[in-house]
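Participant: The structure under discussion is supplied below as structure tokens; questions concerning it will follow.
The values are calculated or read from the model by the stated rules, or taken from the named source; none is laboratory data. None of the values given here were measured: they were computed from a predicted structure. No Cβ is skipped: glycine too gets one built from the backbone with ideal geometry, and neighbour counts run over all protein chains shown. With ligands, DNA and RNA removed, areas are computed over all heavy atoms of the protein, side chains included. Shrake-Rupley method; radii C 1.70, N 1.55, O 1.52, S 1.80 Å.
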Amino acid sequence: MTQEQYILATQPNNLQRPGGAPIYPVGIYGWRKRCLYFFILLLLVIMIVNLALTIWILKVMNFTVDGMGNLRVNKQGVRLEGISEFLLPLYVKEIQSRKDSPLILQSDRNVTVNARNDLGQLTGQLTVGSQTVEAQCQRFEVLSSDSGKVLFSADKDEISIGAGKLRVTGTEGAVFGHSVETPLIRAGPSQDLKLESPTRTLTMEAPKGVEISADAGDFKATCRKEMQLESTEGQIFLNANTIRFGNLPHGTFAASSPGSTGPKQIVYELCVCPNGKLYLSPAGTSSTCQSTSNVCLWS
């Protein structure tokens, strides 16, 4: 538009077209035109800034066709590389680490793994805290990596240990509050085996027999009060090169005349009272055991 056309357009024109129709100028002029150019320029600047920010975010977050940053999406699922932090619960079907690196789950308080059924009810829970590790489930099992054999299992009824050997290395041994069923109890090499009940009784039972053996050492059983060996249907058999009974009482035998002196007695005879008590009596040419001995009368 030339200057003459602009002047003609801004000035009132009372000219009439042939036929009597008035002529009106068409377009945006003056301050309206300047505002339109300003808004178009501002919009262009905003678009450039948004494009620059978008490119910067894509660069910083490392967006690619495969994923974002350390997150990669493939056909098998989602793959995370490096350290990842989850602020809300994570619901997954399976978590695996790379073949050449371990899988580490870390939390400032505790790590809890929950298992739920189709109804959303909690069926199993594993909690690793700062001081304790808790597992809540109907049955807890530890399997062997090579054969899948159950090494340890626990439920509300029993605890089963399927390993070939259970070793207790504590200085105080193992403490059981109730009965223990096992085919063998054996101490380690060059170590003593001790079975003790400090305040109650110790009972060993077996339907076909109880065998206690010490192949390269001594077997010692001590008690404070009485030790009782009882066989209801069989016999008690003692087989050894030497059988000793210590601290047996000495009975008296009055066959010799009073006041007679002789050599010191070094040979004694083992006698049994009617109640089963043993005592020693000075040996003579014949048996010196008497049921009226002072040991039997005062026992």
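Participant: In the range 74-114, which residues are closer than 22 Å to Q125 by Cα and either of a type in the set (A, V, I, L, M, F, W, C) or touching a residue at least 24 places away in the same chain (Cβ under 8 Å) (or both)?
Facilitator: Answer for the range 74-114, where residues must be closer than 22 Å to Q125 by Cα and either of a type in the set (A, V, I, L, M, F, W, C) or touching a residue at least 24 places away in the same chain (Cβ under 8 Å) (or both): F86, L87, L88, L90, V92, I95, L103, I104, L105, V111, V113.
Participant: Now for a separate question. Can you give me the number of residues within the range 176-235 that are more than 30 Å from D157 (Cα to Cα) and among the charged types (D, E, K, R)?
Facilitator: Of the residues in the range 176-235, the ones more than 30 Å from D157 (Cα to Cα) are 188-192, 212-235.
Still in the running and among the charged types (D, E, K, R): 192, 215, 218, 220, 224-226, 230, 233.
Of the residues in that region, 9 qualify.
Participant: Would you confirm, using the coordinates I've provided, whether L88 is on the phi < 0 side of the Ramachandran plot, open to solvent by 90 Å² or more (accessible area, probe 1.4 Å) and either modelled with pLDDT of 80 or more or touching a Ser or Thr at 6+ places or on another chain (Cβ under 9 Å) (or both)?
Facilitator: Working: on the phi < 0 side of the Ramachandran plot: yes; open to solvent by 90 Å² or more (accessible area, probe 1.4 Å): yes; either modelled with pLDDT of 80 or more or touching a Ser or Thr at 6+ places or on another chain (Cβ under 9 Å) (or both): yes.
Yes; evaluated as a whole, the condition is true for this residue.
Participant: Pick out the one residue from P258, P274 that is at pLDDT below 80, out of contact with any Leu (no Cβ under 7 Å at 6 or more places or on another chain) and more than 23 Å from K220 (Cα to Cα). So that I can check it myself, show each step before the final result.
Facilitator: Values: P274 fails: at pLDDT below 80.
Sole residue among the options that is at pLDDT below 80, out of contact with any Leu (no Cβ under 7 Å at 6 or more places or on another chain) and more than 23 Å from K220 (Cα to Cα): P258.
Participant: Next up: Out of all the residues in the range 217-243, which are open to solvent by less than 100 Å² (accessible area, probe 1.4 Å) and within 47 Å of the chain's Cα centre (by Cα)?
Facilitator: G217, A221, C223, S231, I236
Participant: Within the range 128-168, can you find the residues that are more than 13 Å from the chain's Cα centre (by Cα) and among the polar types (S, T, N, Q)?
Facilitator: S130, Q138, S144, S145, S147, S160 - these are the residues of the range 128-168 that are more than 13 Å from the chain's Cα centre (by Cα) and among the polar types (S, T, N, Q).
Participant: When the residues of the range 188-216 are narrowed to those that are small (G, A, S) and surrounded by 10 or more Cβ atoms within 10 Å (Cβ to Cβ), which ends up nearest to E141 (Cα to Cα)?
Facilitator: Once the filter is applied, the top-ranked residue is G188.
Participant: Now for a different question. Select from the range 180-204 the residues that are closer than 13 Å to A216 by Cβ and not charged (D, E, K, R) and write down the one among them that is farthest from the chain's Cα centre (by Cα). Don't jump to the end; show me each part of the working.
Facilitator: Filtering the range 180-204 down to residues closer than 13 Å to A216 by Cβ leaves 186-187, 189-193.
Checking the rest, the ones that are also not charged (D, E, K, R) come to 187, 189-191, 193.
Values: A187: 25, P189: 28, S190: 30, Q191: 28, L193: 27 Å.
This residue is S190.
Participant: Turning to a different aspect of this structure: Would you kindly identify the strands (runs of 3 or more DSSP E) lying entirely within the range 94-176 that contain at least 1 residues that are out of contact with any His (no Cβ under 6 Å at 6 or more places or on another chain) and open to solvent by 100 Å² or more (accessible area, probe 1.4 Å)?
Facilitator: Because the criterion is at least 1 residues that are out of contact with any His (no Cβ under 6 Å at 6 or more places or on another chain) and open to solvent by 100 Å² or more (accessible area, probe 1.4 Å), the strands (runs of 3 or more DSSP E) in the range 94-176 that meet it are 111-116, 133-136, 159-161.
Participant: Please go through the range 265-298 and give me each residue that is farther than 18 Å from N247 by Cα, in contact (Cβ under 8 Å) with a residue 24 or more places away in the chain and small (G, A, S), ordered by number.
Facilitator: Passing the criteria: only G284.
Participant: Still on this structure, I have one more. Residues S197, S179, S190, S213: which one is free of Cβ contacts under 8 Å to residues at least 60 places away in the same chain, at positive phi and either in contact with a Gly (Cβ under 9 Å, 6 or more places away or on another chain) or in a loop (DSSP other than H, G, I, E, B) (or both)?
Facilitator: One residue alone meets the criteria, S190.
Participant: Any chance you could count how many residues in the range 43-85 are open to solvent by less than 100 Å² (accessible area, probe 1.4 Å), under 30 Å from D118 (Cβ atoms) and among the basic types (K, R)?
Facilitator: Result for the range 43-85: 0.
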